[in-house]
1. Just need the Rg to Rh number for segment 103-207, please, alpha carbons only, Kirkwood Rh.
2. Determine the dipole magnitude for the chain: charges of +1 sit on the beta-carbon of Lys and Arg, -1 on that of Asp and Glu, nothing else is charged, the reference point is the Cα centre, and the result goes in debye to the nearest 20.
3. At 20 Å minimum axial length over the Cα atoms and a Kyte-Doolittle cut of 0.0, report the qualifying DSSP H helices in the chain, or say none.
4. What distance in nm separates the simple spin-label points at T221 and M63, each placed 7 Å from Cα in the Cβ direction?
5. Which trypsin sites (Lys or Arg not before Pro) in segment 210-240 pass both tests, a DSSP loop state and at most 15 other beta-carbon atoms within 10 Å?
6. Which value, in debye to the nearest 20, describes the size of the charge dipole of segment 187-335 about its Cα centre when Lys and Arg Cβ atoms bear +1, Asp and Glu Cβ atoms bear -1, and nothing else is charged?
7. Is segment 1-119 rounded, prolate or oblate when judged by the Cα gyration tensor, a ≥ b ≥ c being the square roots of its eigenvalues, rounded requiring a/c under 1.5 and prolate requiring a/b larger than b/c?
8. How high is the relative contact order of segment 1-116, in percent, with contacts defined as C-alpha pairs under 8 Å that are six or more residues apart?
Amino acid sequence: MTTMNDTRLGTQGPSVFPIALGCMGMGAGSWYGDSDEAESIATLHEAIERGVNVLDTGDFYSMGRNELLVGKAIRGRRDQVLLSVKFGALRGPDGAHLGYDARPAATKNALAHSLTRLGVDHIDIYRPARLDPNVPIEDTVGAIADLVKAGYVRHIALSEVGVETIRRAASVHPICDVQLEYALVSRSVEARILPALRELGIAMTAYGVLSRGLLTGAKPTGGRDVRAHMPRFSADNAAQNDQLVDALARMAAKKGVSPAQLAIAWVRAKGVAQGVTILPTLGARTRKQLADTLSSLEVSLDASEVAELEVAVPASQVAGTRYAAAGMATLDSER
């Protein structure tokens, strides 16, 4: 086993392996299309054996089936993993998005069902998936703090929230990390959010590090693939974004690494440069993808290489927003 758990999520968070495994794409009903459950479980087992200890899921991923899959995979391995769970997103029986509910009672109800599906007696890191515009963040965090006191949650975290919300939440209870999209082509968090995290001693778990495969040239696999509905993957934006993909590929070839390795190494280097612990969260769905992801830990970038990469792949040139307009409107982090 590789032991690299010397990274800490914030000043009061747990020690973690330097890469987390995002589980959203695993199993049936994934937002990226169905994937083989047996291979997903084998990938989870391989990750744990390699030392990966943060497994990221959400109670609304695949309508609860993702938690069931993760729970099945960690049976007998619970003491080797940290479960990071998002809650609050509402779905209809047809999968339609119905908003968010982070009221205190709803928060505790969601936690109860996650514990059951995962087959555990506590969640290590618990966070609302988005800011509920109808509920003060103090109320939501206060409810999770009650769960911490009762032993059902170990650490409180946030997702896609801005500086004011982070400060208000931290005034109620210590926050270990904030989950945010961060990639070569998604850098809006750098202006205000990263400095605030550094000041408050809060880490960032970075998702979308490969911009959902955009940076490695991946394309939507069909109508059930959520990327088919994302502006950056649309035909109108494809030509411009392909130029960025090609530029990253040239830079990777120059360094003798893969585009994915380079993109992940960039995120890790930015955390060091900005004095913030950044934990890249990668959604490997197969053991091969996992091996490719973990090999990025062998790649390091100095300041001049980071600067050169940012010139070659400028975030200002990406065509399309991260989500369609309705999705962007839910992001407190973008306000």
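Coordinate-derived values only; no laboratory data. Not measured: the values here are computed from a predicted model. Glycine also receives a Cβ, built like all others from the backbone with ideal geometry; neighbour counts cover every protein chain displayed.
1. Numbers: Rg = 13.9 Å, Rh = 14.2 Å.
Expressed as Rg/Rh, it is 0.98.
2. Numbers: 36 positive and 37 negative charges, 41 e Å.
In debye, rounded to 20, the chain gives about 200.
3. Working: long enough: 104-118 (21 Å, -0.02); 235-255 (31 Å, -0.50); 259-274 (23 Å, 0.46).
Membrane-span-like by this rule: 259-274.
4. For the pair T221/M63, the computed spacing is 2.0 nm.
5. Within segment 210-240, the qualifying trypsin sites (Lys or Arg not before Pro) (loop, at most 15 other Cβ atoms within 10 Å) are R224.
6. Details: 18 positive and 14 negative charges, 89 e Å.
Using only the charged Cβ atoms, the result is roughly 420 debye.
7. On the way: a/c = 2.08, a/b = 1.34, b/c = 1.55.
Taking the square roots of the gyration eigenvalues as a ≥ b ≥ c, segment 1-119 is oblate.
8. On the way: 180 pairs, mean separation 23.8, N = 116.
Relative contact order here is 21 percent.
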